[in-house]
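Visitor: Quick one: the structure is below, and I'll ask about it shortly.
The values are calculated or read from the model by the stated rules, or taken from the named source; none is laboratory data. None of these values were measured; they are calculated from a predicted model. Glycine gets a Cβ as well: all are built from the backbone with ideal geometry, and neighbour counts include every protein chain shown. Remember, those area values only see protein heavy atoms, side chains included, never the ligands or the DNA or RNA. Shrake-Rupley method; radii C 1.70, N 1.55, O 1.52, S 1.80 Å.
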Amino acid sequence: MSPIDDTFGVDLIDGREARLGEVPIRRVLPTKGRRTVGAWCFADHMGPADVTEEHGLDVGPHPHIGLQTVTWLLDGQVLHRDSLGSEQVIRPGQLNLMTSGSAVTHSEEATGHYRGTLEGIQLWVALPESTRHAEAAFEHHAELPRREYDGGVATVLIGDLDGTTSPARRDTDHLGVDVDLHATTTLPVHRDHEYAVVALRGAVDVDGYRIRPGALAYLGTGRDELRLEVSEPARLMLIGGPPFPERVAMWWNFVARDRDELDAAYRSWASADDRFRAVDSPLPRIPFPRPPWSRA
Ligand code: MN
């Protein structure tokens with residue numbers, strides 16, 4: 001079945017609630033019902049939560065393979081450090097984009113100066129075969145292109161929306177847009193790309209389905225435009241792209257293609273061999289779970 005014959009409707013998929021330190025999160029991707037949307041394979045809506053100068057996400061050093069992390073804040077600040085030597089505070093309206101390639105280590109910390117509310121979303125993009133075994137990289141974008149519509153503003157984090165193009169690296173043809181709406185708006189989209197909406201604040205209606213925070217609305221392929229009906233102010237993420245052509249295997253912080261690759265990354269991290277380099281962080285490494293395939 002070609003992607004174009006796929007769903008043309010709305011599949012509302014509930015996320016699950018968890019905590020990252022003191023910060024509540026709603027994980028809306030992956031779920032049992034949906035593993036990927038284009039190359040997007042993970043999404044955590046974080047907060048809102050009160051953080052201090054010394055405590056926030058408090059995510060100590062941990063490894064990634066096979067993905068990019070896309071970090072976007074609605075409120076507050078977070079300090080990113082990684083094994084490339086990057087040390088970057090991110091603020092609302094800015095993008096942190098870390099490409100793991102075959103191995104990277106990073107931490108997400110309190111800033112030492114910010115106290116207040118923290119809210120944002122972190123998403124992962126599965127890297128294609130061409131770059132998933134390559135070097136790690138990190139980008140910070142302090143400004144991103146914005147596009148005004150009658151009903152609000154779209155900020156293009158990744159990819160191209162109707163000719164408005166983000167400068168951020170992308171290795172596949174995916175799209176990530178922050179949409180801030182006060183009235184009904186129609187966005188142009190690609191017929192052969194699949195899309196999903198994650199509401200961060202307020203609510204939006206698509207095809208009569210109400211999308212609220214805590215769920216992912218999978219919209220399928222086959223649309224030329226996306227009508228977002230707004231009856232209250234809404235903030236949402238639109239993600240999409242060509243359906244990912246390969247089967248993705250995910251476990252813990254790793255994105256791969258099969259269990260052997262996941263196991264090799266786990267063994268490298270557990271044994272602290274030289275695959276994953278250290279991060280200059282005051283936090284301890286986060287605890288790692290035992291993989292379900294490990295019998296030892
Ligand atoms: Mn991470």
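Visitor: Calculate the length of the line joining the C-alpha centroid of the range 226-296 to that of the range 5-69, in whole Å.
Guide: 10
Visitor: Something else: Calculate the dipole size of the range 1-102 relative to its Cα centre from +1 charges on Lys and Arg beta carbons and -1 charges on Asp and Glu beta carbons; express the result in debye to the nearest 20. Walk me through the numbers on the way to the answer.
Guide: Details: 9 positive and 14 negative charges, 66 e Å.
With Lys and Arg at +1 and Asp and Glu at -1, about 320 debye.
Visitor: If Glu109, Glu17 are ordered by their accessible area, calculated over protein heavy atoms with a 1.4 Å probe, which sequence runs from highest to lowest?
Guide: Result of the area sort, largest leading: Glu17, Glu109.
Visitor: What is the extension gain from Asp14 to Arg277, computed as 0.36 nm multiplied by their sequence separation minus the C-alpha to C-alpha distance, in nm to one decimal?
Guide: 91.1 nm
Visitor: Please find the FRET efficiency linking His140 to Ala183, where r is the Cβ-Cβ separation and R0 is fixed at 25 Å, and quote it to the nearest 0.05.
Guide: Working from the Cβ atoms, E equals 0.20.
Visitor: Can you run phi through the Karplus equation (6.51, -1.76, 1.60; θ = phi - 60°) for the range 210-223 and list ³J(HN,Hα) in whole Hz, with x for Gly and Pro?
Guide: 8, 10, 10, x, x, 10, 10, 9, 7, 10, x, 10, x, 9
Visitor: For His140, what accessible surface area do you get with a 1.4 Å probe? Give it in Å², rounded to 10.
Guide: Accessible area of His140: about 50 Å².
Visitor: Let me ask something else about it. Test of understanding: extend the Cα→C-beta vector of Glu22 to 7 Å, then name every residue of the range 115-155 with backbone N under 20 Å from that spot.
Guide: Only 115-121 fall inside the zone, counting backbone N under 20 Å.
Visitor: Mean separation of Cα pairs under 8 Å and 6+ residues apart, divided by the residue count of the chain: what relative contact order is that in percent?
Guide: Once normalised by length, the contact order is 22 percent.
Visitor: Also: With every protein chain present, what accessible area does Leu157 have (1.4 Å probe, heavy atoms only), rounded to the nearest 10 Å²?
Guide: About 0 Å², ignoring ligands and nucleic acids.
Visitor: Quick check on the range 58-150: take the gyration tensor over C-alpha atoms, sort the square-rooted eigenvalues as a ≥ b ≥ c, and tell me if it's rounded (a/c under 1.5), prolate or oblate. Intermediate values should be presented prior to the final figure.
Guide: Numbers: a/c = 2.27, a/b = 1.26, b/c = 1.81.
Since a/c reaches 1.5 but b/c is at least a/b, the shape of the range 58-150 is classed as oblate.
Visitor: I've got another one for you. Among Gly208, Ala126, Leu181, flag the residue with its Cα farthest along the positive direction of the charge dipole of the chain, charges on Cβ as +1 for Lys/Arg and -1 for Asp/Glu.
Guide: Value: Ala126.
Visitor: Continuing with this model, one more query. Rounded to the nearest 10 Å², what accessible area does Arg212 show when all protein chains are kept and the probe is 1.4 Å?
Guide: So the heavy atoms of Arg212 present about 110 Å² to solvent.
Visitor: Moving on. So what's the back-of-envelope 222 nm ellipticity for the chain, counting only DSSP H runs of four-plus at -39500 (n - 2.57) apiece and dividing by all residues, rounded to 500?
Guide: Helix contribution divided over all residues of the chain: -1500 deg cm²/dmol.
Visitor: Figure the gain on full extension for Thr31 and His113 (residue separation times 0.36 nm, minus the Cα-Cα span) and round it to one decimal in nm.
Guide: Going from the current span to full extension adds 26.0 nm.
Visitor: Pop the C-beta distance of Asp192 and Asp263 into the FRET formula with R0 = 41 Å and round what comes out to the nearest 0.05.
Guide: 0.70
Visitor: Helix 259-271: angle to the longest alpha-carbon principal axis of the chain, degrees 0 to 90, nearest 10?
Guide: 50
Visitor: Continuing with this model, one more query. Working with all protein chains in place, sort Arg201, Arg223 by solvent-accessible area computed with a 1.4 Å probe, largest first.
Guide: Arg201, Arg223
Visitor: Can you sort Glu129, Glu87 by solvent-accessible area, 1.4 Å probe, largest first?
Guide: The most accessible residue leads, giving Glu87, Glu129.
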